[in-house]
Amino acid sequence: MIKKITPVLVVALCWPMTGTAAARAEPVVLAALGDSISVGFNACGWYVACPSRSWAAGDHPEVDSHYLRMLAAGADVRGRNLNFAVSGSASADLLGQARAAVAAKATYVTILIGANDACVRTEKQMTPVAAYRQRVAAALRELRPTGARVFLASVPDLKHLWRVGKDNPLARTFWSIGKVCQALLANPGSAAKKDAERRDRVRARVVAYNAELAAACAEYGPGCRYDGGQVFAYPFTLDQVSAWDFFHPNVAGQRALAEITFREMADQLKV
């Protein structure tokens with residue numbers, strides 16, 4: 001699969017291919033922005049960041065990140081896989097990360113942000129949609145003058161996590177004791193109408209965030225690609241989630257993220 005799609009991506013990103021080998025054009029600097037998902041939290045140890053397992057900038061072969069797929073295609077990116085994502089970050093933190101990417105002269109930027117805007121203690125604490133859009137747009141405005149290529153991943157479907165884990169006693173216990181994403185995961189075993197409606201409202205907020213991501217990416221121009229909702233729609237299983245918190249992607253989950261986002265990017269960048 002990689003051999004089939006990666007040359008398309010490389011051509012579209014102006015890293016030309018010559019014959020069967022990639023021509024060494026200008027060096028590529030990859031910068032990953034976002035939250036605990038992009039920093040690989042809980043993907044290699046107990047409640048620690050694991051940037052080597054990041055779907056975007058990681059260098060662990062089990063994940064086969066964007067960085068490693070670009071290397072395999074011949075892009076001149078070796079050693080320039082930067083990760084400015086920070087666990088716990090929400091959209092309010094994205095502008096600072098974008099500024100760090102600009103300072104590092106990033107030429108390819110991945111962004112996955114928004115889970116922590118919805119995963120708060122109470123539904124009322126969720127980031128308003130307008131504020132989310134404003135913050136994402138501000139970060140993209142920071143990046144745009146540099147000419148960096150930007151890839152925006154959709155926010156995962158948090159309700160799907162509840163759906164695949166609600167019948168697992170360990171998952172319910174971790175969510176409750178750890179106070180994980182309580183806006184959605186509180187009372188995980190409840191079928192009461194008020195809880196079902198709350199989960200639906202949180203999911204609707206994530207859907208709204210993703211719509212704003214698509215619109216903000218369109219405003220950025222041809223240099224930005226949105227994943228078309230592929231991360232949100234991906235039917236991940238509990239086997240792809242960390243057994244330490246039943247929330248963050250494990251190595252298998254990170255690999256799945258890398259594959260679907262890279263594939264989607266290549267599909268949207270066909271020339």
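Each value in this text was obtained by applying a stated rule to the coordinates, not by laboratory testing. Every value quoted in this text rests on a predicted model; they were computed, and no experiment measured them. Positions of Cβ are generated from backbone atoms using ideal geometry, with glycine treated the same way; all protein chains shown enter the neighbour counts.
Figures for the structure shown
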| item | result |
| --- | --- |
| Residue-wise HN-Hα coupling along the stretch 95-111, computed from phi with Karplus coefficients 6.51, -1.76, 1.60 (Hz; x: Gly, Pro) | 4, x, 5, 5, 5, 5, 5, 5, 4, 8, 6, 5, 10, 9, 10, 9, 9 |
| Val241 long-range amide H proximity, modeled H, under 5 Å | Asn250 |
| Radius of gyration, Dmax [the chain; alpha carbons; angstrom] | 18.2, 61 |
| Whether the stretch 73-220 is rounded, prolate or oblate, judged on the alpha carbon gyration tensor where a/c under 1.5 counts as rounded | prolate |
| Extension gain (nm, one decimal) between Lys179 and Asp59, 0.36 nm per residue minus Cα-Cα | 40.1 nm |
| For the chain, built as a Gaussian network whose Cα springs stay under 10 Å, the top-fluctuating residue of Asp167, Asp245, Asp59 | Asp167 |
| Beta bridges by DSSP in the chain, antiparallel share as percent, to the nearest 5 | 15 percent |
| Per-residue Cβ neighbour rank within 10 angstrom, fewest leading, Met126, Met70 | Met126, Met70 |
| 5 angstrom amide H check on Thr110, placed H, neighbours 5+ away | Ala31, Ala32, Leu33, Phe151 |
| Cβ-based exposure ranking for Tyr67, Tyr209, in which fewest neighbours within 10 Å come first | Tyr209, Tyr67 |
| Around Pro128: net Lys/Arg minus Asp/Glu count, Cβ-Cβ under 10 Å | +1 |
| Angle between the chain longest axis and helix 129-143 axis [Cα atoms, degrees, rounded to 10] | 20 degrees |
| In nm, spacing of pseudo-spin labels at Glu219 and His160 (7 Å Cα→C-beta vector) | 2.7 nm |
